[in-house]
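Notes follow once the structure below has been shown.
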Amino acid sequence: AVVGAGLGGSAAAYFLQQHFGPQVQLDVYEAAGVGGRLATVTVNKQQYESRGASIHALSLHMQDFVKILGLKHRREVAGKSAIFSGEHFVLEETDWYLLNLFRLWWHYGISFLRLQMWVEEVMEKFMRIYKYQAHGYAFSSLEELLHSLGGEAFVNMTQRSVAESLLEVGVTQRFVDDVIAAVLRSSYGQSVLVPAFAGAMSLAGAQGSTWAVEGGNKLVCSGLLKLTKANVISARVTGISLHSSEGRALYQVHYESTEGQGSAFYDLVVVTTPLHPSRSNFTFDNFDPPIADLPGAFQPSVTSVVHGYLNSSYFGFPDPKLFPFTSILTTDTPELFFHAMDNICPVNISAAFRRKQPQEAAVWRVLSPQPLDKPQLKTLFRSYYSVQVTEWQTYPRYDANKALPPIVLHESLFYLSGVEWVASSMEMTAVAAKNVALLAYNRWHQQLDKIDQKDLMHKVKTEL
């Protein structure tokens, strides 16, 4: 059984079938819709991503999914970004790459180069995971996984803030306050106190090239479930109880659907929905020792998709025709009531599509910590036709010194969502799904030499 049909659940179902073979019977439980947080909203008969919008170019599992499913990359529609302090723009992107570099250098010295080198070093080591997984290696804890990629340094990066790590490599406080803060507010809705590893993943997405799926990123989830011929059960899982059969653990999954309550037995269960008390009232029965509640809380965050006319004069452009930006990030200023906003394109982009001019009514996505009230909407928009609000508890509230959640809850009962406490992105979820599938397979077949192996870089080189 797989609990949840977001990206984690659908990728886990796909990888489980890949490793255990087509004869494996897969039930996927989903209370809401397939796709989870990869949701879309409809404005004027067009669909728009409400969250989880861009995928980094180096996301190899996501690239694979798109290829396997015959999906396409959405056409890029160019646009410029700027960082707003509440009073003025502290940094503005231009059409000229060299001018952008010059501006960064003029404002911040070589801080941006130091940042780039730091992010590249982290990404280079992170990319080792694909080699390990291609060779069938798995990890029974997030600490083991991180250790195999970047040693103690990677594990420490979940315990200290991104600000601390960057200041250490010579990035200036001003660059951290202006640029790093703006990127983390737009991705996680949090400050530069998020752990360094989560910060590095977010910053890699901000400076690398990104893409999205034509028709909407959620097509990856429905496509993978269709491909695996998984049995999707429309129900909310309320708990799991442990039984044993011939010396092996047997798990009874209890659920509620429109038809009432039910349950079913499984050899192996992967939970991909968050198990934190603030997010689910999931019970575990007959486990000895009992499965403890997981620590930590989630960050509330609000997405407002607004169809309207931007109030460009709030940003210092009295003439809306002259407003050049499609994406506005913000610094950590107390009076700023939103984290970021961007002029978004529909999930289906035709060859004739053009982005709306700044003086025209466009569809904007505004990310904020609380729902926007009327005066706030009036501050950002001269007038608007519609506002669609989605309230999420999207990301963990990243406080350093939190112990990472376990992957193995019991013999063949696994937890996938804990990876978000390392970093939260579509690719991190896909990596965790592949790891859980390999871990389940290796444990089932007692291939213990494929789990938590030390010095894997050397081993993989030897195997090659």
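Details
- Residues that are surrounded by 15 or more Cβ atoms within 10 Å (Cβ to Cβ) and either polar (S, T, N, Q) or over 23 Å from V431 (Cα atoms) (or both), drawn from the stretch 47-85: Q47, Y48, S50, S54, S59, Q63, G79, S81, A82, I83, F84, S85
- Among the residues listed as Y251, Y266, the single one being in contact (Cβ under 8 Å) with a residue 12 or more places away in the chain and open to solvent by 20 Å² or more (accessible area, probe 1.4 Å): Y266
- The residue of the stretch 315-348 that is nearest to E49 (Cα to Cα), among those that are surrounded by fewer than 21 Cβ atoms within 10 Å (Cβ to Cβ) and of a type in the set (G, A, S), is S327.
- Those residues of the stretch 192-228 which are touching a residue at least 24 places away in the same chain (Cβ under 8 Å) and more than 17 Å from the chain's Cα centre (by Cα), in sequence order: V192, L193, E214, G215, S222, G223, L224, L225, L227, T228
- The residue that is farthest from the chain's Cα centre (by Cα), among those in the stretch 32-42 that are aliphatic (A, V, I, L, M) and crowded, with 17+ Cβ neighbours inside 10 Å, is V41.
Per-residue answers, yes or no, for (1) in contact (Cβ under 8 Å) with a residue 24 or more places away in the chain; (2) aliphatic (A, V, I, L, M); (3) in contact with a Ser or Thr (Cβ under 7 Å, 6 or more places away or on another chain):
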residue	(1), (2), (3)
Q47	yes, no, yes
V66	yes, yes, no
R74	yes, no, no
V77	yes, yes, no
K80	yes, no, yes
E92	yes, no, no
L115	yes, yes, no
Y132	yes, no, yes
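- Filter result (among the β-branched types (V, I, T) and not in a strand (DSSP E or B)) within the stretch 218-250: V220, T228
- Only residues that are over 16 Å from I344 (Cβ atoms) and either surrounded by fewer than 17 Cβ atoms within 10 Å (Cβ to Cβ) or hydroxyl-bearing (S, T, Y) (or both) were counted in the stretch 301-314, giving 4.
- Residues in the stretch 58-76 that are more than 23 Å from A432 (Cβ to Cβ) and assigned to a loop (DSSP other than H, G, I, E, B): 5 in all.
- Among strands (runs of 3 or more DSSP E) entirely within the stretch 349-464, having at least 2 residues that are of a type in the set (D, E, K, R), in contact with a helix residue (DSSP H, G or I) (Cβ under 6 Å, 6 or more places away or on another chain) and closer than 30 Å to A297 by Cα singles out no element at all.
- Test: residue in the stretch 236-244 that is among the basic types (K, R) and over 30 Å from T40 (Cα atoms): no
- Meets criteria (of a type in the set (F, W, Y) and either closer than 19 Å to W392 by Cα or open to solvent by less than 10 Å² (accessible area, probe 1.4 Å) (or both)) for Y14: no
- Condition check for E168: at pLDDT 95 or above, open to solvent by 60 Å² or more (accessible area, probe 1.4 Å), of a type outside the set (V, I, T) and within 22 Å of the chain's Cα centre (by Cα): no
- Taking the criterion of being in contact with a Phe, Trp or Tyr (Cβ under 9 Å, 6 or more places away or on another chain) and either within 17 Å of E93 (Cα to Cα) or open to solvent by 80 Å² or more (accessible area, probe 1.4 Å) (or both), the only residue of the stretch 114-129 that qualifies is R114.
The values are calculated or read from the model by the stated rules, or taken from the named source; none is laboratory data. Please read these numbers as outputs of a predicted model, since none were measured by experiment. FYI the Cβ positions are ideal-geometry reconstructions off the backbone, even for glycines, and counts take in every protein chain you see. We work out accessible area using only protein heavy atoms, side chains counted, and drop any ligands, DNA or RNA first. Shrake-Rupley method; radii C 1.70, N 1.55, O 1.52, S 1.80 Å.
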